[in-house]
Amino acid sequence: MSVEPATWNLAHVWEALRKFWALIVGLTILAAGAGFLISSTVEPQFQSRASLYFALNQGTSGSDLNQGSAYTQNQMLSFARLATSSRVLEPVIAELQMNVEPRELARSIAISIPQDTVILDVTATSNDPDRAATIANSVAEELASVVQDVAAESVEGAATITASLIDDAVPPTVQTVPNKTRDALLAGAIGFLFGVLVAFIATIGDTRVRNEAAVARVTDLPVLGVVTRTKRNVAAGLIVAREPQSPVAEDVRRIQSALAFSSLDGDSRRLLITSASPGEGKSTFSTNLALTLSDVGARTLVMDADLRRPRVGALFGHDSAVGMTTALMGDVELSEAIVSWGAHGPDVLSSGAVPPNPAAVISSQAFRSMLDTVSQRYDAVIIDSPPVLTVADANLLAPLADGVVIVVDSSKTRRAQLANTVRSIESAGGRILGIVLNNARASSHRNTYYADAPSDGRRRGARRASPSRHSATTEA
């Protein structure tokens with residue numbers, strides 16, 4: 001068995017976006033706000049443009065005019081370079097009484113030539129709109145004068161190329177930079193893309209078994225059901241008895257119904273409940289499953305075979321000091337170690353005193369004989385075992401059970417852990433019936449029509465009724 005690599009399709013992409021939509025939206029808004037604030041700190045700059053038209057002053061025929069136009073276009077790049085030269089900018093600096101060097105002024109001037117034209121645009125940038133227009137006009141006028149000085153002369157001594165100002169620069173009314181709206185949108189787009197990237201990376205890196213699709217990547221075993229998480233800071237406990245009409249109780253009943261269709265058709269049913277690691281809810285699921293089996297009339301026994309961290313007795317409110325191990329040692333009879341819970345509830349066999357070597361107790365012939373004995377008395381025997389990847393006890397118990405159910409916490413169990421758990425149980429000779437996804441996020445489409453319906457008073461009263469003389473309290 002191996003963990004299959006994630007294959008991405010549109011469904012996975014949508015799932016990643018849906019799961020991390022709040023992060024994506026938050027990063028988008030945060031980036032857009034940061035872009036707007038940064039843009040607001042930039043000093044406003046204004047641009048103004050003046051346009052010059054260059055013409056050849058000789059030639060009357062069509063052929064001469066065509067050649068002259070081509071000649072002028074070839075000279076446009078030279079004129080553009082001339083516009084930012086010291087020959088042009090020094091007189092402008094002197095005229096406007098500017099305290100800058102020509103090279104520094106050239107950085108605030110942009111020259112452009114529309115393609116296939118003899119038009120040259122002079123664009124000046126300044127933090128003062130009036131100043132930008134003045135500089136653009138002065139540079140254009142000075143360039144026109146310099147062109148006449150440097151252009152070739154005709155036989156009559158006149159300049160062959162002249163430049164005429166066709167558009168005066170005017171003070172702009174709107175700043176060119178910063179463009180706060182554009183900068184905010186650009187920063188927001190970057191934030192959105194970053195959020196999507198983070199969502200994809202988080203989804204790819206998240207190897208937790210969150211749903212049935214994740215289980216399918218690990219094993220072909222069926223998912224018997226999904227148990228949704230309880231309310232925050234509310235322990236599940238014996239929720240089937242405490243809140244019999246809650247969504248969690250209904251989830252456990254669905255799983256019990258799914259198990260009824262499994263191939264456990266003998267006179268007795270030994271069901272081993274385990275998990276990959278501690279804290280995944282196997283003990284809570286075992287006790288609630290036993291309650292649902294008792295509700296349908298099955299004679300049910302819950303055995304706490306987790307001799308390292310027993311919890312079944314505590315969940316039922318029993319003292320675990322007397323139980324399975326004390327009966328195996330002969331200190332009490334098995335019938336005395338088994339405690340009834342409620343008038344119609346399951347019987348409970350707590351762990352008893354924790355032994356120094358639990359594996360030796362589980363692998364003993366005395367334990368096998370006890371398991372055979374209770375299997376003859378009950379329709380269903382629920383065995384709560386330690387986690388598979390923590391100790392070897394579950395591997396010793398798996399061959400003794402008719403079926404194994406693996407409880408997987410969807411918020412913590414990794415795919416590799418589930419794969420190792422399945423591999424370990426199967427190599428020990430256990431027969432795995434399926435997977436139970438525990439602590440899953442409740443679906444937004446869950447029907448809550450019956451969620452607030454009044455509970456059955458007679459049933460709850462039965463849970464609170466005094467049990468046999470071997471019982472302690474009735475609810476954890």
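Each reported figure results from applying straightforward, stated rules to the coordinates on display, with no laboratory input. Just so we're clear, the structure is a prediction, and the values are computed from it rather than from any experiment. Backbone-built Cβ (ideal geometry, glycine too); neighbour counts: all protein chains shown.
A viscosity of 1.002 mPa s and a temperature of 20 °C, combined with the Kirkwood radius over C-alpha pairs in the Stokes-Einstein formula, give the stretch 212-464 a diffusion coefficient of 117 µm²/s. Bridging of LYS19 to lysines at a Cα separation below 29 Å is possible for LYS231, LYS282, LYS412, once same-chain residues fewer than 8 apart are set aside. Each Lys or Arg adds one and each Asp or Glu subtracts one; over the other residues with Cβ under 10 Å from the Cβ of PRO346, this totals -1. Convex hull volume of the Cα atoms of the stretch 275-321, normalised per residue: 83 Å³.
For SER48, the shell of other residues with beta-carbons less than 13 Å away shows a net charge of -3, using +1 for Lys and Arg and -1 for Asp and Glu.
As a ratio to 2.2 N^0.38 Å, the alpha-carbon radius of gyration computed for the stretch 211-341 takes the value 1.14.
The mean of 1/r over all distinct Cα pairs in the stretch 315-392, once inverted, gives the Kirkwood hydrodynamic radius of 13.4 Å. Computed extension length for LEU23-THR390: 128.6 nm, one decimal, from 0.36 nm per residue of separation with the Cα-Cα distance subtracted.
Equivalent-ellipsoid semi-axes for the stretch 76-228 (Cα gyration tensor, √(5λ), whole Å, largest first): 64, 19, 13.
Rounded to the nearest 20, the size of the Cβ-charge dipole of the stretch 212-464 about its Cα centre is 900 debye, with Lys and Arg at +1 and Asp and Glu at -1. Candidate cross-link partners of LYS180 among the aspartates and glutamates, defined by an alpha-carbon separation under 19 Å and a same-chain spacing of 8 or more, comprise GLU43, ASP128. By DSSP, the beta bridges lying fully in the stretch 212-464 are antiparallel in about 10 percent of cases.
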